[in-house]
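The next block holds one structure in the form of C-alpha cells; read it before the comments.
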Amino acid sequence: MNRYPCLYAAPFGNITLVFDGQNNLLELHLSGKPEYAPYPLPEAWQNKLDNYFAGRLKNFNQPVSEQGTAYQRKVWQAIAEIPAGQVMTYQDIARKIGSHPRAVGGACGKNPLALVVPCHRVVAKHGLGGFSSGEGDALNIKRWLLKHEGVDI
C-alpha cells in the first residue's frame, strides 16, 4: 500500500497525517518533521484541522483504525465516543468494555489516529495519566488539547 505523509502546523507543533492513495487517513501523529512528510495535505483535512483548532469542530467523527486488534478497536471505539470537553478515566473505559485499566492504557498507546480518536480525553483516576503521541512533549500536548477543549486538569 502506498503511504503519503503530510504535515499540518498545529499551535503546539507539527502534526503528521499519513494517507493512502484515496486520501483515506491511515495515521495521525502529534509530531513530525517536514523531511519525512513531503506530500501536500488534502484540502478536506486542512479544513477539518483548521476548524478544530479554531474551536468550530469538536469531534472528527472518523472511524477507528482497522490496523489494531479486536480488543484495541473496542477501546478506540469507546474513546471515540467521548465528547469534546469531557474526559473519562482508564478505569471508566475498562468498566464500560469489561476490561482492566492497564489494558485500556496499552490500547491507547497503540492508537494510530491520535486527536481524531481522542486518547487525550482519557485520564488517570488522579491526574493527567500518560500520553504516547507527540514524542518528548507528549504530556504538554495532552494538557494543551484538553485546555483547548475546555477541560482543566
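The values are calculated or read from the model by the stated rules, or taken from the named source; none is laboratory data. None of these values were measured; they are calculated from a predicted model. When we count neighbours, we look across all protein chains shown, and the Cβ atoms used for this are built from the backbone with ideal geometry, even at glycine.
Residues are listed down the side, and each one gets a yes or a no for (1) in contact with a helix residue (DSSP H, G or I) (Cβ under 6 Å, 6 or more places away or on another chain); (2) at positive phi:
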position: 12; (1), (2): yes, no
position: 33; (1), (2): no, no
position: 42; (1), (2): no, no
position: 45; (1), (2): no, no
position: 73; (1), (2): no, no
position: 76; (1), (2): no, no
position: 85; (1), (2): no, yes
position: 96; (1), (2): yes, no
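List the residue pairs whose Cβ atoms are under 6 Å apart, where the first residue sits in segment 43-58 and is closer than 12 Å to residue 148 by Cβ, the second is part of a helix (DSSP H, G or I), and the two are 6 or more positions apart or on different chains.
57/51
Mind listing just one residue for me: the one in segment 53-102 that is part of a helix (DSSP H, G or I) and either in contact with an Asp or Glu (Cβ under 6 Å, 6 or more places away or on another chain) or among the β-branched types (Val, Ile, Thr) (or both) and, of those, surrounded by the most Cβ atoms within 10 Å (Cβ to Cβ)? Please lay out each step first, then the result.
Keep residues of segment 53-102 that are part of a helix (DSSP H, G or I), which gives 53, 70-80, 90-97, 101-102.
Right, trim to either in contact with an Asp or Glu (Cβ under 6 Å, 6 or more places away or on another chain) or among the β-branched types (Val, Ile, Thr) (or both) and you get 75, 79, 93, 97.
On the way: 75: 29, 79: 22, 93: 23, 97: 16.
Ranking the qualifying residues of segment 53-102, first place goes to 75.
Residue 108 passes all but one of (1) over 20 Å from residue 149 (Cβ atoms); (2) surrounded by 14 or more Cβ atoms within 10 Å (Cβ to Cβ); (3) not aromatic (Phe, Trp, Tyr); which number fails?
Condition (1) is where residue 108 drops out.
List the number of the failed condition for residue 38; all other conditions in (1) closer than 22 Å to residue 148 by Cβ; (2) loosely packed, with under 13 Cβ neighbours inside 10 Å hold.
All conditions pass for residue 38, except number (1).
Can you name the residue in segment 1-28 that is within 15 Å of residue 67 (Cα to Cα) and either of a type in the set (Phe, Trp, Tyr) or in contact (Cβ under 8 Å) with a residue 40 or more places away in the chain (or both) and, of all such residues, is surrounded by the most Cβ atoms within 10 Å (Cβ to Cβ)?
Among those that are within 15 Å of residue 67 (Cα to Cα) and either of a type in the set (Phe, Trp, Tyr) or in contact (Cβ under 8 Å) with a residue 40 or more places away in the chain (or both), it is 28.
Could you please find all residues in segment 111-146 being buried (at least 22 other Cβ atoms within 10 Å of the Cβ), touching a residue at least 24 places away in the same chain (Cβ under 8 Å) and touching a Cys at 6+ places or on another chain (Cβ under 8 Å)?
111, 119, 122, 133
Based on this model, can you work out whether residue 149 counts as at pLDDT 95 or above, surrounded by 16 or more Cβ atoms within 10 Å (Cβ to Cβ) and not β-branched (Val, Ile, Thr)?
It is true that residue 149 is at pLDDT 95 or above, surrounded by 16 or more Cβ atoms within 10 Å (Cβ to Cβ) and not β-branched (Val, Ile, Thr).
Does residue 122 meet the test of being of a type in the set (A, V, I, L, M, F, W, C), farther than 18 Å from residue 145 by Cα, touching a helix residue (DSSP H, G or I) at 6+ places or on another chain (Cβ under 7 Å) and modelled with pLDDT of 95 or more? Don't jump to the end; show me each part of the working.
Values: of a type in the set (A, V, I, L, M, F, W, C): yes; farther than 18 Å from residue 145 by Cα: no; touching a helix residue (DSSP H, G or I) at 6+ places or on another chain (Cβ under 7 Å): yes; modelled with pLDDT of 95 or more: yes.
Criteria not met by residue 122.
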